[in-house]
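Inspection log for the structure reproduced underneath, given as C-alpha cells.
Each value in this text was obtained by applying a stated rule to the coordinates, not by laboratory testing. All of these numbers come straight from a predicted model, not from anything done at the bench. Here Cβ is always computed from backbone atoms with ideal geometry, including for glycine, and neighbour counts include all displayed protein chains.
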Amino acid sequence: MGIDRRSIVKFLIGGAVGSMFTPTPWILTDDISIWTQNWPWVPKNIKGVDAYVPTVSKLCPSATAMLVRTVSGRPVRTMGNPEHPLSGGKISPLAATEVQLLYSPSRIKRPLRKASDGGWKEISWTDALALLDEKLGFVKGSATRLAVISGDQTGTVNEVLSGFVASMGSKQFFLMPSEAQTLARAWELMGGAGMPGFETAGSDYVLALGADILESWGASTRTRRAYCEARPHGEVPAATYAYVGPSCTNTAVGADIWVAAKPGSQAAVALGLANLLIKAGATSSAPDFAAFKALAARFEPATVAQLAGVSEANLAMLAEGLQKAKAPVVIPGSEFGQGGSVAAAAAGMALNLLLGAYNQKVGLRAVPEFAPVVEKAMARKDVMANDLAAYMQGLAEDNKARPEILITYEANPVYALPGDVAGTVAKIPFKVAIAQFMDETATMADLVLPSPLGIERYDDVATPAGCGVAIYCLNTPVIDAVNPAANIHGGDVILGLAAKQNANLGFNSFKDVLAAKAKAVGANVADLTAGKAFVSEAVTGAQPSLAAEAIAKSLEAKAPEGAYALAAVNKLGFGTATTAVPPQNLKLVREFELAGTLMYVHLNKATAAKAGVAQGQKVTLKAGDGKAIPALVNISEMVMDGVVMAPCNLGHTAFDEFAKGKGANVARLFTAQVEPGTGLSFWTQTGVAIEKA
Amino acid sequence: MEEKRAHNADTGGQCSVLGGFLPFGLGLVLSLLVGWWLSPKLLFSEQSQPVAFNHKIHKEEAGMTCSDCHYFREDGSYSGIPTTKECADCHEFPVGSSAKEREYVNKYVKKGQEPDWKVYQMQPDNVFFSHAAHSLENCGKCHTDWTEKELCSTSGCHPDIGDSEAPPKYSENRITGYSASTMKMWACEYCHAMPDHRAYNANNNACFTCHK
Amino acid sequence: MSGAQQSFKILWGMAIDLDKCTGCGACMVACQAENNLAPEKDASKKQRVMNWLKVFELSNGKPFPDHDTAYLPRPCQQCGNPACVPVCPATVTKKDEEGGIISQVYPRCFGCRYCMAACPYKARYFNWYDPEWPQGWDKTLSPDVSVRPRGVVEKCTFCHHRWMKAKDKARVAGNDPYDLPEGAYVTSCTEACPNGAIVFGDLNNPKHLVHKLAHSEYAFRLLERLGMDPQVYYLSRREWVRRLGNHHLENEKTGEFTPLGGGHHG
C-alpha cells in the first residue's frame, strides 16, 4: 500500500473530523478574537488605592481649590474641593486639566542654555546657577540693569522676587498686567485701605461693568458659586445679574440682562449711572462728592449713549435696578481681564460707595492685606505702581535704560503684552526664563530654568484679585515631581542666588518663607497644611474718596482710531498666556472659533454688511502702526454694532502641536497708552480696520 | 474520469476496509492527540509566582485571618493582594529563619518594590467585578450553608490556596495573555443568568452589571 | 424591536438648567479626564473629535440687539425608548440594567456605526484612530474606565463606574445600594459645573431634586416628539429655548406637539 493522493486526502479529512472533536479550533478562535481586543499600544488600566489630596490651582487665574485624585500615588485628575471657599466642590475648565498638563509636550524638563547656533543645550542646575550668579555680579547695585517680571498674581514668591530685586539695588520688579493692578491703582487714588474686594454672595443685584465675572474675572469659581446659590434650579432667581459689554460673553449669557456697550467705555457708563443715581438722591460722605457730582452731571444719558453706545432706556433700567436693590454690587473690569482703565475701575467702585455698598456683607469691601514676611520686599503699593506695558514701551523707544538681565518668573510677556515686545526683549543681552512650559518668552531666553507645576511643589495662594474676603491657602506637593530635574521652586532659585550675591533675604528656603507667611497671616499651620483655607471676613479702613479729579483727567485720553472697535474675550477654557490651550481643552474650541490654523473673528450682520464681508471670508484685522492679524469672518449676533470680537490666548508661536499656530494673537493689535490722571497704561480701546485678504 | 474510477476500484478492492480507513483514522487520532494533549501544552506557558508565599504559616503560626490582608476599604473597594508596605508591617526585617523570607525582604521590602504577582483570575479592563456585591451577606441569604472559603473558591472564581504552603503554578495563555483560570463570561452567567436569581435582582445579567 | 419599554425602579437622570449654563466647558474637560478620552491635535475637524459631552450654542435667531444665546450641554440622553439599541447587530448597546443607563460594551463592537446613524442626538462617537496620548500622559488614565481602541463606538455612560463605586461603598457600610442618598452618585460633569447647572439623581425618587425638576413647568426634553423618552431634562424660563429644543413649528404652541414615535409618555 503506497501513499497515494487519496490516502493523503483521507488523512486530512480524518484530521479535520478529529479536530472537530477537540476544543482547539474553538479555543483558538476565541483566543484570537480576544487578542484583537488588547492591542499592546492601547494603554491598560492601572489599579490602585484612591486618595483625594487638597491643593489650590496655581495655573488657573481663578485660583480654584482642588482635590487631586491619586491612585496609589499616581495622579489621575483634579476635581473641585467641596470643603474649600475657592471651589465649593466645583472646578474651572483650566484647573480641570492640571494633572494632564504634568505631561504636556511643552513642559520644560531640565535647565537649558541657548547655544550659539540658536539650539538648546541641556545643562546641569549647578552650571545654570553658576552662570546666572556670574551674570548677576555685573548688574548688582545698578538701578536699571536688572528687571524681573512675575506672572504669579497670588503667591508670596513675589515677596522673594521683589526683595531680591530691591537688594540688588533695583526697583524694576513687575507683575504681569492684571485686574489686580488696575484695582490696586484705582483704590490707591481713592485713598482706600487694604485691597478692594467685591462680595456677590447674598446680593440681589450684581452689575458687571465689563468684568467677565462668571468666566475669567477674579476668583471666578467662587463668584460662580454665589451665582449658583442665587439661582435655584427652575425657579425665579433671587438675584438679578446684569452684564455691560460689547459682546455676549459667557457672563452675559448667564446674566439676566446684557446691555451692549462699546469696548473700554466702562467709565462713561459708570458715570452715567452715577448721574442717574445722584439725581435720584444717592449721596456719599466722600470728601470729593461735590466734585464727583459735578463730573457725573456731565454724563447725561444722551451723552452716555453717544460715548458708550448704551441706549438711554437701558441706562435708566440699570440705574433703577441698582437703586431698588437691597444689596447691590457693581464690579468694574476690563472685558478680557487686563489693560483696563484705572479711571473706569475707580468710577465703578465709586458707584458702590454711592449705593452704600461699602464694607457691608455684600458689595465693595476693603479687604486687609496679609503682612509681608520678606523684610526687603517692595511694598505692594510700589509693585502695583510699576507699569510693565509702559516700561516695555519706554525700552522700545529707547527712553529707558535697557536692562542687562531680564528674569521672567512663570510669565510670558512676549506673548501677552500689548503690541509686539519680542523685538524689545530680544535686545536684552541676557534673558532668564523660570517657566513650566516652553512658551514664547522661554523660547527667546538665553537660560531656561524649569519650574515644577503647582501640584508638585510647596506654594501659597493669598486673596485672589477682587475677592470679597481675605483668603490664605498653603499648597504642599501632592505628588513627586514627574521630571526630577524640574523640581526646584523659583523661590528657592532666587533665595540661593540672593545668598550668593550677599543680598541675603533672611530665609534659607522658600518653604521657610511660606511657614513664616502662614504665621504672619495668623492661621493654624496644621489646618493650612491639611488643605483648609484661612478666611477672614474682616474689613479695614475709613471712607475712601470718589477719585473725582483723576477720573475727570482720564477723560482726556485720546479716542481710538479705526472704523471698528475691537472687543477681546478671555475664556479660561482656552488657557492663559503661560499654559496656552491645554491639549484636552482644544476640544472646547467651537466650530466657528477655529478652522485649521485660522481663527474666526465675530461681527454681527449689520457690521459685516458695512464692512462688505461674508461668513467664512478671510480678512485681515489692522490696527495702527502696521499691526495686523489674519482671521476668518463669523457672522454672530452676539456682538454689538460696529464691533469686532476676537478671542484671547490663540495664535501661539511656541508650545506644542496642540497650541502652536492655531489662530492669531489678538494682543498684537493692542496699543497701550498711559491714562491721564491715573498714570497706568490701558489698552481696552483699540480701533481696527477690516480688510479683505 | 470514468476510466480512473474503474481502475481505482479494481486495484484497491482488496484492502479497501483497512486501507480506506487507515489514513483517515491516523489523521483522526493524531488531531485528537494534538487537540487534547499537545495544544493546551503549547497554548499555555507555566510561570512561577515571584514570591513563594506560604498561606498556611500565616494562618497557623501567625494566627492571621483572611481579612487581615484581604479586606474592604471604606470606599467600597477591595484590597486584593496586600502591598509591600502592608507586608512590611511585620516583615520589615525577617521574622523567621527561612531563606525565602530573607530573599523576599531583601528583594522587595528593602527596595520598596511590589512583587509582580501573577493573578490567577485576572479579568480584562472591560470587566468591573464588585467584591462587595459577592459577599456572604448577599449570596448567603439563600446559600445559607456556604462559608466564606466556599464562596471565594468553590464557585470557581479563585483557586483554593488559603491553606497552601506554596503558590500553585500560574499558566498564561500565549495568545491572549490571560490566565488559564480567568473566568469566561459563561462562567459568570452560570449564576448571573440563572432564572432563580432573577427574583433576587431582576437585572443582574445586564451588560453594565459587569462591564465598564 | 418589541416596542415594550422595560421599567426600572431607579431611573438615573439629569435636569440641566440652560439659564445657568454659561458655556465655559468645565464639564467637557472634566468628562474627558474622568473617562480617558484622548486629546485631538486638530480639534477643528469636528467630524473626528470625540466629546461624550458636548456644549452646543443656541441662538434665538434674531439680529442684535434682540439676539439671545443659550448653551446646551448634551450628554447621552439615556433614552427610555432608545433608537440605538434595536439597530445594534452585535448586542453592544442595551438598556437592560436597573437605573436605565444605556450600556456600551466596547469589545463587542465592530464599528458598523448603525447606532450613530440612529441616534437623533448625535451622542455617539466613533474611534477613527487609536487613542494617542503625549508621552507619560497615559500614566494619568483612570483605572475606572477601559480604554477604547480604534474602530469601536463609544458614548457617555453617565459615569456608570461611579454608580458601581457608590453601590460598593454603600454595601461595605451596610446600606442598601439601591437606595442611595442624593449626591452619593453624581456624574463628573455634574460635579464639575461651577454654575451648578446640572442636577443629577433618580428621576423616580421623590426625595431627589431631579424628580421634582423633571415636572417643572420650565422642563422639556430634546426632540421629545420623536418619542425617545430621554432621561435628560432641560430647564429654561425662556420660551424660545424650550421651543428650539423640540423644533416647534411656528403654528405649534410651546409644549404641545404631536409625537411621531411610540413610547411617548410625557
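Taking only the Cα atoms of chain C, the radius of gyration and Dmax are 18.5, 59 Å. Taking the average, over residues, of other Cβ atoms within 10 Å as the packing measure, peptides A:366-378, A:658-670, C:137-149 rank A:658-670, C:137-149, A:366-378 from highest down.
Would the stretch C:1-77 count as rounded, prolate or oblate if I go by the C-alpha gyration tensor, calling it rounded below 1.5 in a/c and otherwise prolate when a/b exceeds b/c, oblate otherwise?
In terms of gyration-tensor shape, oblate.
Counting Cβ atoms of other protein chains within 10 Å of each residue's Cβ and taking the mean over peptide C:30-40 gives 6. Within chain A, all pairs of alpha-carbon atoms sorted by distance into 20 Å bins from zero give the percentages 18, 50, 24, 5, 3, 1, 0. When you filter the chymotrypsin sites (Phe, Trp or Tyr not before Pro) in the stretch A:32-110 for DSSP loop state and at most 13 other Cβ atoms inside 10 Å of their Cβ, you are left with A:41.
Proximity of backbone amide H atoms, modeled 1.01 Å from N, is registered between residue A:598 and A:663 at under 5 Å, excluding neighbours fewer than 5 places apart on the same chain. Peptide B:171-177 has a mean of 4 when you count, residue by residue, the C-beta atoms of other protein chains within 10 Å of its C-beta. Where a ≥ b ≥ c are the square roots of the eigenvalues of the C-alpha gyration tensor, would you call the stretch B:121-210 rounded, which needs a/c under 1.5, or, failing that, prolate if a/b is larger than b/c, or oblate? Because a/c hits 1.5 or more and a/b fails to exceed b/c, the stretch B:121-210 counts as oblate.
Please give the helix A:312-324 orientation as an angle from the longest Cα principal axis of chain A, in degrees from 0 to 90, rounded to the nearest 10. Tilt of helix A:312-324: around 90 degrees. Compactness of the protein assembly as shown, taken as the C-alpha radius of gyration over 2.2 N^0.38 Å, stands at 1.06.
Straight-line cross-link reach from residue A:361 at under 20 Å between alpha-carbon atoms covers these aspartates and glutamates, not counting any fewer than eight positions away in the same chain: A:199, A:204, A:229, A:369, A:537. Taking only alpha carbon atoms, chain B gives an Rg to Rh ratio of 1.20, where Rh is the Kirkwood radius. With a cap of 14 neighbouring Cβ atoms within 10 Å, and only residues DSSP puts in a loop, list the chymotrypsin sites (Phe, Trp or Tyr not before Pro) found in the stretch C:23-97. Filter output for the stretch C:23-97: empty list.
Here's the list of lysines a cross-link from residue C:253 could span, going by alpha-carbon distance under 29 Å and ignoring same-chain residues fewer than 8 apart: C:20, C:54, C:62, C:122, C:212. For trypsin sites (Lys or Arg not before Pro), the sites in the stretch A:535-620 that DSSP calls loop and that have at most 14 other Cβ atoms within 10 Å are A:558. If you sort the three axes of the alpha carbon gyration tensor as a ≥ b ≥ c, you get a/c under 1.5 for the stretch A:180-367, which makes it rounded. Would you compute, from DSSP H runs of 4+ residues alone, the mean residue ellipticity of chain A at 222 nm, taking -39500 (n - 2.57) per run and dividing by the full residue count, rounded to the nearest 500? Calculated at 222 nm, the ellipticity per residue is -8500 deg cm²/dmol.
For the stretch A:558-692, the Stokes-Einstein estimate of translational diffusion at 25 °C and a viscosity of 0.890 mPa s comes to 160 µm²/s, using the Kirkwood hydrodynamic radius over alpha-carbon pairs. When both the stretch B:22-75 and the stretch A:298-360 are represented by their alpha-carbon centers, they are found 77 Å apart. Taking the average, over residues, of other Cβ atoms within 10 Å as the packing measure, peptides C:170-181, A:9-20 rank A:9-20, C:170-181 from highest down. Computed from Cα positions, the angle between helix A:220-229 and the longest principal axis of chain A comes to roughly 80 degrees.
When peptides A:150-162, A:339-351 are ranked by their average number of other Cβ atoms within 10 Å per residue, the highest-first order is A:339-351, A:150-162. Counting, for every residue in A:222-229, the Cβ atoms of other protein chains within 10 Å of its Cβ and taking the mean gives 3. Couplings for the stretch A:12-28, taken from phi via the Karplus curve 6.51 cos²θ - 1.76 cosθ + 1.60 with θ = phi - 60°, read 5, 4, x, x, 5, 4, x, 5, 5, 9, 10, x, 4, x, 6, 5, 5 Hz in order; Gly and Pro are left as x. As a rough footprinting exposure proxy, the listed residues A:176, A:444 were ranked by other beta carbons within 10 Å of their own, and the order from fewest upward is A:444, A:176. Straight Cα distances below 29 angstrom link residue B:110 to the lysines A:44, A:47, B:56, B:59, B:85, B:100, B:118, B:169, C:139, with same-chain residues fewer than 8 positions distant left out.
If you line up the long axis of helix A:179-189 against the longest principal axis of chain A, both from Cα atoms, how many degrees apart are they, to the nearest 10? Helix A:179-189 sits roughly 20 degrees off the main axis of chain A.
Applied to the stretch B:132-144, the Karplus parametrisation 6.51 cos²θ - 1.76 cosθ + 1.60 on θ = phi - 60° returns per-residue 3J(HN,Hα) values of 4, 6, 8, 10, 5, 4, 7, 5, x, 4, 9, 7, 5 Hz, with x for Gly and Pro.
Scalar couplings 3J(HN,Hα) for the stretch A:133-149, obtained by applying the Karplus form with A = 6.51, B = -1.76, C = 1.60 to θ = phi - 60°, are 4, 4, 5, 5, x, 7, 9, 4, x, 9, 7, 10, 8, 10, 10, 10, 10 Hz; x denotes Gly and Pro. Summarising the amide proton neighbourhood of residue A:150: residues at separation of 5 or more, or on other chains, whose placed amide H is nearer than 5 Å comprise A:174, A:175, A:176, A:409. Distances between placed amide hydrogens fall under 5 Å for residue C:54 paired with C:74, all partners being 5 or more residues away or on another chain.
From the cross-link list A:90/C:9; A:109/A:140; A:587/C:94; A:58/A:660; A:140/A:400, which pairs have alpha carbons spaced over 25 Å apart?
A:90/C:9; A:109/A:140; A:587/C:94
For the protein assembly as shown, the share of DSSP beta bridges that are antiparallel, to the nearest 5, is 60%.
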